[in-house]
Amino acid sequence: MPKKRVTFDALTAAAIMVADRDGFETLTLNGVAAELNVASSTLYTHTDGLDGLKSLVAIAGTHNLTEAVRNSALGTSGLDALTAMAVAYRRFALDHPGQFASSLLPPRSENDELARANAALLDVVVLVYRAIGLVDHEAQLAARAMRSSIHGFLALEHTTTSPSEHDAEYRYLLDALQRGLLHRHADVAG
């Protein structure tokens with residue numbers, strides 16, 4: 001009987017589904033192979049083992065997060081865009097826990113595909129800060145601070161059983177980030 005072939009896209013989709021359903025931490029080659037109804041050795045056509053599989057999920061998950069954040073800001077501007085992006089970031093983390101957890105995976109090098117995916121996510125936020133009026137260096141710093149704050153909050157929330165308990169805390173964080181931005185921007189402009 002001929003060996004069943006698996007496309008790269010099918011492998012990535014199955015790995016994302018398994019990670020979101022069962023948890024990124026428990027992702028295995030055997031689990032994804034079972035989902036695809038193939039032998040785990042078949043997966044080596046597209047990945048170099050478990051680390052490679054986790055990297056595939058992290059890259060795809062980061063691209064998916066970037067798309068969600070970018071789409072949320074369409075038709076908005078300024079602080080409304082930043083709020084929409086932050087809400088979309090959290091919604092993605094809650095709806096896609098495996099992909100969100102994969103976004104904590106560090107890149108293998110400074111210029112690998114995951115590093116570039118992370119940079120693309122940051123660039124979306126930088127664009128909004130530039131539109132608000134921050135110069136490039138300030139926009140970069142503001143975007144990094146925003147992503148670090150939001151990502152840190154969501155990483156902690158990811159470990160709790162009831163995220164809805166944290167709605168008020170998340171709104172407070174977003175308000176504090178915006179107040180800080182407005183204060184800092186006033187200092188820079190003044």
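The values are calculated or read from the model by the stated rules, or taken from the named source; none is laboratory data. The shown structure was predicted, so the numbers you read here are calculated from the model rather than taken from an experiment. No Cβ is skipped: glycine too gets one built from the backbone with ideal geometry, and neighbour counts run over all protein chains shown. When the accessible area is computed, the model is the full protein with side chains, heavy atoms only, and any ligands, DNA or RNA have been set aside. Shrake-Rupley method; radii C 1.70, N 1.55, O 1.52, S 1.80 Å.
Whether any residue in segment 143-155 is polar (S, T, N, Q) and either at pLDDT below 90 or closer than 19 Å to ARG179 by Cα (or both) is what I want to check. Checked segment 143-155: at least one residue is polar (S, T, N, Q) and either at pLDDT below 90 or closer than 19 Å to ARG179 by Cα (or both).
Going by the conditions given, is GLY52 part of a helix (DSSP H, G or I) and buried (at least 20 other Cβ atoms within 10 Å of the Cβ)? When the stated conditions are applied, GLY52 does not pass them. Given (1) modelled with pLDDT of 95 or more; (2) open to solvent by 60 Å² or more (accessible area, probe 1.4 Å); (3) under 24 Å from ARG144 (Cβ atoms), identify the lone condition not met by ALA68. So ALA68 meets the others, but not (2).
Looking at this structure, is GLU138 open to solvent by 20 Å² or more (accessible area, probe 1.4 Å), modelled with pLDDT of 95 or more and not hydroxyl-bearing (Ser, Thr, Tyr)? So that I can check it myself, show each step before the final result.
Numbers: open to solvent by 20 Å² or more (accessible area, probe 1.4 Å): yes; modelled with pLDDT of 95 or more: no; not hydroxyl-bearing (Ser, Thr, Tyr): yes.
Judged against the criteria, GLU138 is not a match.
In this structure, is THR83 of a type in the set (Ser, Thr, Tyr) and open to solvent by 40 Å² or more (accessible area, probe 1.4 Å)? Spelling it out, THR83 is indeed of a type in the set (Ser, Thr, Tyr) and open to solvent by 40 Å² or more (accessible area, probe 1.4 Å). If you go through segment 32-49 and keep only what is outside any loop (DSSP other than H, G, I, E, B) and either open to solvent by 70 Å² or more (accessible area, probe 1.4 Å) or closer than 26 Å to LEU181 by Cα (or both), you end up with ALA34, GLU35, TYR44, THR45. Of all the listed residues (ASP48, ASP20), the sole one being among the acidic types (Asp, Glu) and in contact with a Gly (Cβ under 9 Å, 6 or more places away or on another chain) is ASP20. Taken over segment 117-163, residues that are farther than 26 Å from GLU25 by Cβ and touching a Phe, Trp or Tyr at 6+ places or on another chain (Cβ under 7 Å) amount to 3.
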